[in-house]
Amino acid sequence: FEKDTGRGGFCRLYRYALAAGRITLLTDGRSRNTGPLWSPSGRWIAYTSTRRNGRDNDLYLQDPAHPASARLVREMAGGGWSVADWSPDESQLLVLEYLSINESHLHLVELASGNSRRLTSDVPDRVAYAKARFALGARSIVVSTDLNSEFLQLAQLDPISGQIQSLTRHLPWDVEDFEVSPDGRRVAFVTNEDGSSVLRFYDLNRRRELNSPKLPTGVISGLKWHPAGREIGFTLSAAQAPGDTYSLEVKTGRLHRWTES
């Protein structure tokens, strides 16, 4: 977890060992460190840090069990960098470069060499990328973007060619959130339709949207796939409930409500 001191915004990273109840400082205690993201195996975290010069958000890799293992993967210019996702084989990172609310870019970083390649190209109109995830065994990348649209759309980006294809051009709504299933074949995404959330699914292999489940009217957040991919959890807030936890069996459409607020 990350925590600052004196509300100064210079966050340090810590590891909390559940069994021992012990907290260990992972960073140098002086720089700003943000966005730790666990690797698929649970051995590594990737994060950004201003340790080098107090200004730029460089990319770091660390084994939290050994704080001294932290190493600089790549120097980055500017402060708008964050780690978006790990590749399934833990050899690459998707990194988001935030420039403004209207403009951002995606980069692919090789962990062994530190080499970086920008995946998104410059276009006459500025483009925003809100989120990015590897899919189909890292052969594809799923993003939410306003490219060629007034809405945030779900799209598929080819990491080799850089070509982007919209998956939800037929929907006149913003895609507010999405998560790729553990096997990388299916996407769960949420559209904001007149203030209410609609949970939808897209099959990347068949290249088609699946039937939407019938859910109570409300606002959905916090999508999280079960590791086996058979179920997805989320929070749903409604007029009479400030927020409750649900899970949906994807194959059967059965809805389970876990809390009663």
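The table below gives the values:
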| read-out | value |
| --- | --- |
| Solvent-accessible ranking of S116, S261, largest area first, probe 1.4 Å | S261, S116 |
| Rounded to whole Hz, the Karplus (6.51, -1.76, 1.60) HN-Hα couplings of the stretch 44-57, x for glycine and proline | 10, 10, 10, 7, 10, 8, 9, 4, 5, 9, x, 9, 8, 8 |
| Which labelled figure in (1) 49, 49, 33; (2) 112, 40, 34; (3) 55, 39, 38 is Cα extents along the principal axes in Å, once derived from the coordinates | (1) |
| Other-chain or far-sequence residues with amide H under 5 Å of V127's (modelled H) | S104 |
| Accessible surface ranking that places the most exposed of F178, F10, F151 first, with a 1.4 angstrom probe | F10, F151, F178 |
| Average accessible area per residue (Å²) across the stretch 74-211 - probe 1.4 Å, nucleic acids and ligands excluded | 48 Å² |
| Solvent-accessible surface ranking, highest first, for K214, K3, K224 at 1.4 angstrom | K214, K224, K3 |
| Amide H partners (placed H, <5 Å) of W81, local residues excluded | N57, Y98 |
| Nearest-20 debye value, the chain charge dipole, Cβ charges on Lys, Arg, Asp, Glu | 700 debye |
| Distant-in-sequence amide H partners of R186 (H built 1.01 Å from N, under 5 Å) | S181, L204 |
| Carbon and sulfur %, accessible surface of the stretch 152-210 computed with the full protein complex present, 1.4 Å | 41 percent |
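The values are calculated or read from the model by the stated rules, or taken from the named source; none is laboratory data. As the structure is a prediction and not an experimental result, all values here were calculated from the model. All Cβ positions, even for glycine, are placed from backbone atoms using ideal geometry, and neighbour counts span all protein chains on display. Side chains are part of the model used for accessible areas, which takes the heavy atoms of the whole protein and leaves out ligands, DNA and RNA. Shrake-Rupley method; radii C 1.70, N 1.55, O 1.52, S 1.80 Å.
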